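Visitor: Input: one structure, supplied below.
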Amino acid sequence: MATHNNMNNDDLRSLLGTSNMKNKMVTDTDDYNQKKEVDPNCLLDDREHINKTTKISWILVVTTISTSLGCSIPAGYNTGVVNSPAEILKQWCNETIMDRYAVQFSSAQLDGLWSILVSVFLIGGIIGGVAGGKLANALGRKGTLQIIYLINLVSSIIFFSSKSLVRVELFFIARLLSGLSAGLTMAMVPMYLLELSPSDKSGVFGVMFTVGLNFGVVLSQFLGLGNILGNESSWHYLFSLYGCLVLLALPTLKFVPESPKYLYTVRNEHNKALSELSNLRGMPISDISWELENLIVSPERWTLRRVINEPTSRKAIIITCIIMLGQQLSGINAVFYYSTSIFRNAGMSTADAQYGNLGAGVINFIVTILSATFIDNFGRKTLLLFSSAVCVFMLTALMISMLLSSIGSIPGISYFLIVFVIGYVLFYGFGLGPIPFFIGSELTDVGPRPIIMSAMSVANWSGNFLVGLTFPFVNLILKQYSFLPFIMFTICLIIFTWKVVPETKPSLDQQNIDNE
């Protein structure tokens, strides 16, 4: 591979033949808009060469594993870790404040403090989402990846130290930092993996982020069980354990490449981009140069104002944010919040109900893995519509079953509650779970992509924060009808997807045109 790194411009031109790539680039924004006006659903990335296949190299596999260990799994882990040991942490906070400040918190004050410690993670996520796009362009994809690894390591150390140093403030800082890291992860990692992946495998690598995220949630749920680490003596190990995953990922950083598409379009370093792509694919430059031929290189810097002003990128950012908000407002977090009590109502003990909740998380994780095997065989829009429609049915059936269960008119109705919870989680993982995380990267070009993915991350954390803040009150007011708002939001998402969202998976017609 070293021979590619040392090539001069003449060598590159001889490999590329008489076809000069720079003459093929679309450098004018008007040309970009004209192409889009002819076919609003076309994707001006490397889609025109979808018929050409490239193999998945070991570097791409190592990079996917590295981003999972250092970014995606920790983000999911910190999202789910607070649920099981909540009462133990509340007690620790109470005792710590009493010992240090001689202040006795009431039950309401303690609940308020715990809400702050939980929600500051979401605040950090929003901040990270806003910063993610700027960092991805300023420091590069790999540079931002290193920042995420560093923040995760620091936050895990602070989590571990908070107990021995007897400081609630340290726990607060660690939650804020872990949320910041998760926000950066969500804005950068799906985009980064999509930019590295071959065109015909984009769906697979788009799902890989969600696979890592869901595995992190399941891992935290399992380790958070009372007989493992979710107890008074071991909770600091529970909250800091993800740091070990980051340590495993650190040695792989020397193999992790910079995004060739970023180098080509944002940094305008064409030779370096070709060399990086050659190493990434494990193929000569002459065999893979077509991947960069149709990328749009703009002399102007992309800003949020420019994204909003240009029709194509404005449509992409609106679609991305609405789909992500729709995912969060579809009720997935509320279902997991409610699942333990549903399992208890079905006759399970508290411990068995916790295992039932863990089982629902495992199903979500497994389905996400399975979706990676077929997501490139179906349209993103088709899967999103199918998944959302079935989720509406499951939520409606769950709500009706909860109503009948409260009346007590049908014996054994509580067992149907379990079926509908599992069914909802199952079909959520087919499309509504993974697709919103990467569809934004497929809707747009490399230039505006970081800003759009940052907006997606902010929409995710904002929706999560909104549901977490309002659902207890909604549940208190609507009781058995508490899932009704989520049903309505998901129906709105279905209508929006059907009417507005384009299909981002290349069609057979596009492939046939390329073959001619």
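The values are calculated or read from the model by the stated rules, or taken from the named source; none is laboratory data. Fair warning: this is a prediction, and the values are worked out from it, not measured in the lab. All Cβ positions, glycine included, derive from the backbone under ideal geometry; neighbour counts span all protein chains shown. Calculation scope for accessible area: heavy atoms of the full protein, side chains included, ligands and nucleic acids excluded. Shrake-Rupley method; radii C 1.70, N 1.55, O 1.52, S 1.80 Å.
Visitor: Name the helices (runs of 4 or more DSSP H) wholly inside the stretch 190-276 in which the number of residues that are of a type in the set (Gly, Ala, Ser) and over 22 Å from ILE157 (Cα atoms) is 2 or more.
Guide: 202-223
Visitor: Applying the selection to the stretch 200-224, what residues are over 18 Å from the mean Cα position of the chain (by Cα) and open to solvent by less than 10 Å² (accessible area, probe 1.4 Å)?
Guide: Matches in the stretch 200-224: GLY224 only.
Visitor: Okay, moving on. Which of the following residues is out of contact with any strand residue (DSSP E or B) (no Cβ under 6 Å at 6 or more places or on another chain) and open to solvent by 50 Å² or more (accessible area, probe 1.4 Å): PHE420, PHE386, PHE430?
Guide: Result: PHE386 is the single residue among PHE420, PHE386, PHE430 that is out of contact with any strand residue (DSSP E or B) (no Cβ under 6 Å at 6 or more places or on another chain) and open to solvent by 50 Å² or more (accessible area, probe 1.4 Å).
Visitor: Now a separate question. I'd like the full set of residues that are more than 19 Å from PHE121 (Cα to Cα) and out of contact with any Leu (no Cβ under 8 Å at 6 or more places or on another chain), limited to the stretch 143-197.
Guide: SER164, LEU165, VAL166, PRO190, MET191, LEU193, LEU194, GLU195
Visitor: Name the pairs: first residue in the stretch 343-369 and under 15 Å from ASN83 (Cβ atoms) and at pLDDT 75 or above, second residue basic (Lys, Arg) and open to solvent by 70 Å² or more (accessible area, probe 1.4 Å), Cβ to Cβ under 9 Å, at least 6 apart or on different chains?
Guide: That search, which allows pairs on different chains as well, returns ALA353/ARG344; GLY356/ARG344.
Visitor: Continuing with this model, one more query. Determine, yes or no, whether GLY133 is under 30 Å from ALA273 (Cα atoms) and of a type outside the set (Lys, Arg).
Guide: Judged against the criteria, GLY133 is a match.
Visitor: Just one of (1) surrounded by 18 or more Cβ atoms within 10 Å (Cβ to Cβ); (2) of a type in the set (A, V, I, L, M, F, W, C); (3) within 20 Å of the chain's Cα centre (by Cα) trips up ILE369, so point out which.
Guide: Failed condition: (1).
Visitor: Looking at (1) of a type outside the set (A, V, I, L, M); (2) more than 30 Å from ARG301 (Cα to Cα); (3) at pLDDT below 85; (4) over 19 Å from the mean Cα position of the chain (by Cα), can you tell me which one GLY447 breaks?
Guide: Every listed condition holds for GLY447 apart from (2).
Visitor: Additional query: So if I check each of LEU213, LEU225, which one is within 17 Å of SER371 (Cα to Cα) and in contact (Cβ under 8 Å) with a residue 40 or more places away in the chain?
Guide: On the way: LEU225 fails: within 17 Å of SER371 (Cα to Cα).
Being within 17 Å of SER371 (Cα to Cα) and in contact (Cβ under 8 Å) with a residue 40 or more places away in the chain holds for just one of LEU213, LEU225, which is LEU213.
Visitor: Also, quick follow-up: Open to solvent by 10 Å² or more (accessible area, probe 1.4 Å), in contact (Cβ under 8 Å) with a residue 60 or more places away in the chain and of a type in the set (Lys, Arg), is that true of ARG306?
Guide: For ARG306, the condition - open to solvent by 10 Å² or more (accessible area, probe 1.4 Å), in contact (Cβ under 8 Å) with a residue 60 or more places away in the chain and of a type in the set (Lys, Arg) - is met.
Visitor: Okay, next question. If a residue has to be part of a helix (DSSP H, G or I), open to solvent by 10 Å² or more (accessible area, probe 1.4 Å) and polar (S, T, N, Q) to count, how many in the stretch 62-83 make the cut?
Guide: 3
Visitor: Every residue in the stretch 336-358 that is closer than 27 Å to PHE438 by Cβ and either open to solvent by 50 Å² or more (accessible area, probe 1.4 Å) or of a type in the set (Gly, Ala, Ser) (or both), please.
Guide: TYR337, SER339
Visitor: Further question on the same structure: Does the stretch 465-482 contain at least one residue that is buried (at least 24 other Cβ atoms within 10 Å of the Cβ) and assigned to a helix (DSSP H, G or I)?
Guide: So far as the stretch 465-482 goes, no, none of its residues is buried (at least 24 other Cβ atoms within 10 Å of the Cβ) and assigned to a helix (DSSP H, G or I).
Visitor: Find the residue count for the stretch 497-507, including only residues that are assigned to a helix (DSSP H, G or I) and open to solvent by 40 Å² or more (accessible area, probe 1.4 Å).
Guide: 2
Visitor: Could you look through the stretch 298-336, keep only residues that are assigned to a loop (DSSP other than H, G, I, E, B) and within 25 Å of ASN475 (Cβ to Cβ), and pick out the one that is modelled with the lowest pLDDT?
Guide: By that ranking, first place goes to GLY331.
Visitor: Out of THR265, THR252, THR303, which single residue is of a type in the set (Val, Ile, Thr), within 23 Å of SER441 (Cα to Cα) and touching a Ser or Thr at 6+ places or on another chain (Cβ under 9 Å)?
Guide: Going through THR265, THR252, THR303 in turn, just one is of a type in the set (Val, Ile, Thr), within 23 Å of SER441 (Cα to Cα) and touching a Ser or Thr at 6+ places or on another chain (Cβ under 9 Å): THR265.
Visitor: Hey, another quick one. Which of the numbered conditions does VAL246 fail, given that it passes all the others? Conditions: (1) open to solvent by 30 Å² or more (accessible area, probe 1.4 Å); (2) at pLDDT 90 or above; (3) touching a helix residue (DSSP H, G or I) at 6+ places or on another chain (Cβ under 8 Å).
Guide: Of everything listed in (1) open to solvent by 30 Å² or more (accessible area, probe 1.4 Å); (2) at pLDDT 90 or above; (3) touching a helix residue (DSSP H, G or I) at 6+ places or on another chain (Cβ under 8 Å), VAL246 misses just condition (1).
Visitor: Here is a follow-up. Considering only residues that are surrounded by fewer than 16 Cβ atoms within 10 Å (Cβ to Cβ) and closer than 20 Å to HIS236 by Cα, look in the stretch 84-110 and name the one that is nearest to the chain's Cα centre (by Cα).
Guide: So, considering only residues that are surrounded by fewer than 16 Cβ atoms within 10 Å (Cβ to Cβ) and closer than 20 Å to HIS236 by Cα, the one nearest to the chain's Cα centre (by Cα) is ALA86.
Visitor: Next question, about the same structure. Is it the case that the stretch 249-259 has a residue that's within 30 Å of LEU117 (Cα to Cα) and either open to solvent by less than 40 Å² (accessible area, probe 1.4 Å) or of a type outside the set (A, V, I, L, M, F, W, C) (or both)?
Guide: yes
Visitor: Of SER462, SER406, SER454, which residue is surrounded by 23 or more Cβ atoms within 10 Å (Cβ to Cβ), polar (S, T, N, Q) and either touching a residue at least 12 places away in the same chain (Cβ under 8 Å) or in contact with a helix residue (DSSP H, G or I) (Cβ under 6 Å, 6 or more places away or on another chain) (or both)?
Guide: Numbers: SER462 fails: surrounded by 23 or more Cβ atoms within 10 Å (Cβ to Cβ); SER406 fails: surrounded by 23 or more Cβ atoms within 10 Å (Cβ to Cβ).
After applying the criteria, what remains is SER454.
Visitor: Which residues, taken from the stretch 186-223, are in contact with a Phe, Trp or Tyr (Cβ under 7 Å, 6 or more places away or on another chain) and among the aromatic types (Phe, Trp, Tyr)?
Guide: Scanning the stretch 186-223 gives PHE209, PHE215.
Visitor: Something else about it: List every residue pair whose Cβ atoms sit under 8 Å apart, with the two residues 6 or more apart in sequence or on different chains, where the first one lies in the stretch 91-116 and is closer than 15 Å to GLU169 by Cβ and the second, anywhere, is outside any helix (DSSP H, G or I) and aliphatic (A, V, I, L, M).
Guide: THR96/VAL166; ILE97/VAL103; ASP99/VAL166; ARG100/VAL166
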